[in-house]
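Below is one structure, written out as structure tokens; the observations come after it.
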Amino acid sequence: MERQTLCLATRNEHKVAEMAEVLAPYWTVKSSADYPELEEIEETGSTFLENATLKAQTTAAGVPDYVLADDSGLECDALEGAPGVFSARYGGIPSSTEKNNAKLLEELQRVGATTPQQRAARYRCVLALAKEGQVIQAFDGVCEGTIAMSPKGTGGFGYDPLFIPQGYARTFGQLGTKTKANLSHRALALKAFVAWCKANPPE
């Protein structure tokens, strides 16, 4: 693949680092932080795909590069899919990981979800690739799991100290970056993106 510049439509340093590690062999990776003129994009969509599309199109209209936008979050069955698209600000504004995790545990307790089956959840990630304001392709990644009764581990970010991926007994906060890199929703979506790029080299 001819190496071209790919702008990640986010200023989240954790996401940029996680995604750039996978994409660096194929792209010159930048992010929205490299373009100070870009304004913050309000996520008004009702689905991850709508938000990823909105961020990709808007960012691609303002930069000359290919743009990859991500929208992702946690879906809990007992909470009818919440926090969903509100994952980053579930605990209120200003948002914080601590407030989000505390709200999630409170809500699961409120609905009486106490067993692993009742606490079934998944991380979902949707990526949208755009150029010149138009989305070219979208990619999806899902990691099934359950929510722990209390935070465990200091690794990762977001809900990682609460999320136990399927087939494991420890949270993403405990498992380490290498394991997460093979299992996570974002890793799976990125793998699909890289495979598509190899089959459809950007011009």
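What the table below lists for this structure:
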quantity	calculated
Unit Cα scatterers, Debye sum, the stretch 43-128: log10 I(q)/I(0) for q = 0.10 Å⁻¹	-0.31
Karplus (6.51, -1.76, 1.60) ³J(HN,Hα), θ = phi - 60°, over the stretch 148-155, in Hz, Gly and Pro reported as x	5, 6, 7, x, 9, x, 10, x
Estimated FRET transfer efficiency (residue 5, residue 166; beta-carbon r; R0 45 Å; 0.05)	0.80
Estimated distance in nm for a label pair at residue 14 and residue 203, the labels positioned 7 Å out from Cα along Cα-to-Cβ	3.9 nm
For the stretch 4-199: relative contact order, % (alpha-carbon pairs under 8 angstrom, 6 or more apart)	18 percent
Protection-proxy order for peptides 22-35, 113-126, each taking the mean of Cβ atoms within 10 Å per residue, highest first	113-126, 22-35
Value of [θ]222 nm, deg cm²/dmol, for the chain, DSSP H segments ≥ 4, -39500 (n - 2.57) each, nearest 500	-9500 deg cm²/dmol
Amide H contacts under 5 Å for residue 82, placed H, 5+ residues apart	76
Calculated from backbone phi, Karplus (6.51, -1.76, 1.60) coupling profile of the stretch 163-176 in Hz, x at Gly/Pro	9, 9, x, 4, x, 10, 10, 10, 7, 4, x, 9, 7, x
5 angstrom amide H check on residue 30, placed H, neighbours 5+ away	6, 7, 8
24 Å tail of the calculated P(r), the stretch 4-199, as % of Cα pairs	38 percent
Extension gain from residue 99 to residue 191, taking 0.36 nm per residue of separation minus the Cα-Cα distance	30.0 nm
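Only the coordinates and a few stated rules stand behind these numbers; no lab work does. Remember, predicted model here, so these are calculated numbers, not experimental data. With ideal geometry, Cβ positions are generated from the backbone for all residues, glycine too; neighbour counts draw on all protein chains shown.
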